[in-house]
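J.: Structure provided below as structure tokens; questions to follow.
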Amino acid sequence: MALRRAAGVVFGLAGGSAVLVWAEWRGSLREDGGGSWRTKAPITAALSALHAAQPPAGLSGHSYGSAWDTNWDKRDPSFMLNSRKKEVSGEENSSETENNNKPRATRHIFLIRHSQYNLNGNGDRERILTPLGREQAELVGQRLASLGLKYDVMVHSSMARAIETATIISKHLPGVELVSCDLLREGAPIEPIPPVTHWKPEAVQYHEDGARIEAAFRRYIHRADPKQKEDSYEIIVCHANVIRYFVCRALQFPPEGWLRMGLNNGSITWLTIRPSGRVALRALGDSGFMPPDKLTRS
């Protein structure tokens, strides 16, 4: 069988990138593999592109060389069962215990950044919402109400701007319990990479704030308790740094990248945590429900 002038395609897939190389076959297609290629696009350039697309050594397959940690919240039922095996005797009881320890509900967590506030206030008490900030909070409340969901609770930071934002939102969600939490206060969660020049907290602030914000993450971001029978919808009103850190931790991204994200005032970030422990980011900093002239990031 001979192919005198047949167009061919070399298709390479490397690191998730596809490279096409057009070539033309000249000669006969023989069992001994005779013939030659004449390229229409330089093969050397294509091979260089393929090489450049290869992931760095050690990163192939998973980011930073690590797989998804199924027990990231220490609530994986298989791990919990192993820790209780000594307390349970008999195959039937063991099976029943395993079944009782399996979460069945999905948690939906809405992370709301507080509205615009007075940056020139002397201390937290004077850093209250601006008139525009109060409008933004009203728009957030209207947006959450329009989703038609049955919210279980609204937890908010104990800082003035978060308290006021949550109070205004709550007018649109009657019957939803308001809970204050000091762990959700703004702070410096972890030194960002790459660093920035306009914001350089002292090392002690990262040390203290980081432990507190990590504690807040562990308290609020986890899969549902096995006793929870129905899906839940929870609102957390807090601050940009806290939300960005939560997102990185929940998705198992390097937490040092938290400052690479920007969040508008009053924006909505929606995390979903399945019974299996899988986490999905359904919205990040959504503020499309606000008119353009109401958008701020202060």
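Since every read-out is calculated from the coordinates, none of them should be taken as a lab result. Just so it is clear, the structure is predicted and the values come from calculations on it, not from any experiment. No Cβ is skipped: glycine too gets one built from the backbone with ideal geometry, and neighbour counts run over all protein chains shown.
J.: Please give the residues of the stretch 108-125, grouped as numeric ranges, whose backbone N is less than 19 Å from a label point set 7 Å along the Cα-to-Cβ vector of W270.
T.: 108-114
J.: Along the charge dipole of the stretch 239-290, pointing to its positive end and built from +1/-1 on Cβ of Lys, Arg, Asp and Glu, which listed residue (P275, C248, F289) has its Cα farthest out?
T.: The listed residue farthest towards the positive side: P275.
J.: Between R219 and D293, what length in nm is gained on full extension when 0.36 nm per residue of separation is reduced by their alpha carbon distance?
T.: Stretched out fully, the R219 to D293 stretch lengthens by 23.0 nm.
J.: If I stretch the segment between D182 and D231 completely, what's the gain in nm (0.36 nm per residue apart, minus their alpha carbon distance), one decimal?
T.: Going from the current span to full extension adds 15.0 nm.
J.: Okay, moving on. Could you work out how far apart the two model spin labels at E202 and I128 are, taking each label as a point 7 Å from the Cα in the direction of the beta carbon, and quote it in nm?
T.: Going from the E202 label point to the I128 one covers 3.1 nm.
J.: Now, a different point. I'd like the FRET efficiency for N120 and T167, computed as 1/(1 + (r/R0)^6) with the beta carbon distance as r and R0 of 22 Å, rounded to 0.05.
T.: That gives a FRET efficiency of 0.50.
J.: Within the stretch 147-169, what residues put their amide N at less than 15 Å from the label point 7 Å along the Cα-to-Cβ vector of R212?
T.: 156-163
J.: Same structure again: Normalising by the residue count of the stretch 115-229, find the relative contact order in percent from Cα pairs under 8 Å and 6+ residues apart.
T.: It rounds to 20 percent for the stretch 115-229.
J.: Hey, another quick one. Looking at the stretch 96-224, what % of the alpha carbon pairs are farther apart than 18 Å?
T.: 64
J.: Show me 230-243, 142-155, 211-224, 117-130 ranked by packing, highest mean number of other Cβ atoms within 10 Å first.
T.: 230-243, 211-224, 142-155, 117-130
J.: Right, next: What fraction of the DSSP beta bridges in the stretch 107-294 is antiparallel, stated in percent and rounded to the nearest 5?
T.: Here the share of antiparallel DSSP bridges comes out near 45 percent.
J.: Taking a 21 Å limit on the Cα-Cα distance, which of the listed pairs K74/K150; K150/K227; K200/K294 fall beyond it?
T.: With Cα atoms farther than 21 Å apart: K74/K150; K200/K294.
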